[in-house]
Amino acid sequence: MSQELLLGERQDLIRTRLDLSGRVIAAALAQELGVSEDTIRRDLREMAASGLCRRVYGGALRITQSQTSMKERMAIGGARKAALAQTAAGLIPAGSTVFLDSGSTNLALARALPAGSDLTVATNAPAIAAILLERDIATIQLGGLIDPGVGGAIGAKAMRDAEALCPDILVLGVCGIDPDAGITAYTFEDAEFKRYVASRSKLVLVTFTNDKLSIAAPYSVVPLSRVARAVVEVDADETDVAALAATGIEILRAG
C-alpha cells in the first residue's frame, strides 16, 4: 500500500482478513502494509489481549467460541509438547508432591516423569492419572464429573478433594498467558478451579506451546507474579518471551 495505515485502520483490516480466511500471516501483512513485522506482531498482541484473535507462531487465527476437547488437543503438536515435557520434568525434584493440572502438555509431562520416581502426583485428569499409574508413580486422583473440554474434574467435588492438598509444585494448565492478563482460562469453572489449586501450592510452574503465548482467554486465573518458572518452546517469539521475563518469571526454553 502506498500510504501507511493508522493503528485503528490496520487492526480493522486485520479483523476483516481474519473474518474472511480465519488466519493471517504476520510477514505477509507487514509486506502488504509497508510496516515492520514487529509492528504487526504488536498489533496482534493488542488484538489478542482484547479477545479479537488468537496468537499463533507467525501470525494469528480467528477466535472460535467452541473449546476443543482434550482428545483433540492430544492429537496436536506431540513432538513439541514432548520437548516441553522433558525440560519441565527436570525442574521437579525427587520427593516432591506435585499437582498436574489437566492439559495435553501436562499429559506429555506425566509420560516424561521417571518411572518409579519418588514423587507423589495429584491430578484432576483421568488420562494423566492412568499414565502415572503405568509409570509406578504414587497417584492421587481428584473426583467428580469430568468436563470433556477441560479433560478433568473441576466441579465442587474436585474442589473439596483439593482442600486436602498442599503441593510443593503446581504445574498449571495454560489456556492463555499474557504479561498484562496473566494466566487465563476459557471457562469460568476451570479458572476457579485452577485459581484455588494455585492458592494451595508453594510454587507454580507453567509450560505451554507457542499458540498460548500473548493470548488472553476470557477468565482470569492468577497474575504472573504468582508464577515462578515458565518453560517455552525453543522457537517462541523473542519479543513475547522478553515481555514475560520482564515480569520476573524465570524462563527456560525446551531443548
(request) Given the peptides 30-40, 153-163, arrange them by the average over their residues of other C-beta atoms within 10 Å, most packed first. (result) 153-163, 30-40
(message) Along the Cα→Cβ direction, 7 angstrom out, place labels at residue 20 and residue 220. What is the inter-label distance in nm?
(response) 3.8 nm
(message) With every protein chain left in place and a probe of 1.4 Å, what is the accessible surface of residue 52, to the nearest 10 Å²?
(response) 60 Å²
(request) With an 8 Å cut-off on Cα pairs and a minimum separation of 6 or more residues, tell me the relative contact order of the stretch 126-186 in percent. (result) 19 percent
(request) Give me the aspartates and glutamates in straight-line cross-link reach of residue 81: C-alpha distance below 17 Å, same-chain residues under 8 apart excluded. (result) 72, 101, 211, 233, 235, 237
(request) Take the solvent-accessible surface of the protein heavy atoms, probe 1.4 Å, and return the percent of it on the chain that carbon and sulfur atoms account for. (result) 53 percent
(message) Rolling a 1.4 Å sphere over the protein heavy atoms, what is the accessible area per residue of the chain, to the nearest Å²?
(response) 46 Å²
(request) Please tell me the relative contact order of the chain in percent, rounded to the nearest whole number, where contacts are Cα pairs under 8 Å and at least six residues apart. (result) 17 percent
(request) Could you please put 105, 239 in sequence from largest to smallest accessible area, using a 1.4 Å probe? (result) 239, 105
(message) Ordering 80, 10 by accessible area with a probe of 1.4 Å, largest first, what comes out?
(response) 80, 10
(request) Please sort through the DSSP H helices of the chain and keep those with an alpha-carbon extent of at least 24 Å along the long axis and a Kyte-Doolittle average not below 1.0. (result) none
(request) Sort 195-203, 211-219 for me by packing, meaning the mean count of neighbouring Cβ atoms within 10 Å per residue, highest on top. (result) 211-219, 195-203
(request) Return the FRET efficiency for the residue pair residue 12, residue 239: r is the Cβ-Cβ distance, R0 is 30 Å, and the value is rounded to the nearest 0.05. (result) 0.85
(message) Using the basic label-point model (7 angstrom from Cα toward the beta carbon), what is the residue 145 to residue 199 distance in nanometres?
(response) 2.2 nm
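The values are calculated or read from the model by the stated rules, or taken from the named source; none is laboratory data. Being a predicted model, the structure only gives us computed values, none of them experimental. With ideal geometry, Cβ positions are generated from the backbone for all residues, glycine too; neighbour counts draw on all protein chains shown. With ligands, DNA and RNA removed, areas are computed over all heavy atoms of the protein, side chains included. Shrake-Rupley method; radii C 1.70, N 1.55, O 1.52, S 1.80 Å.
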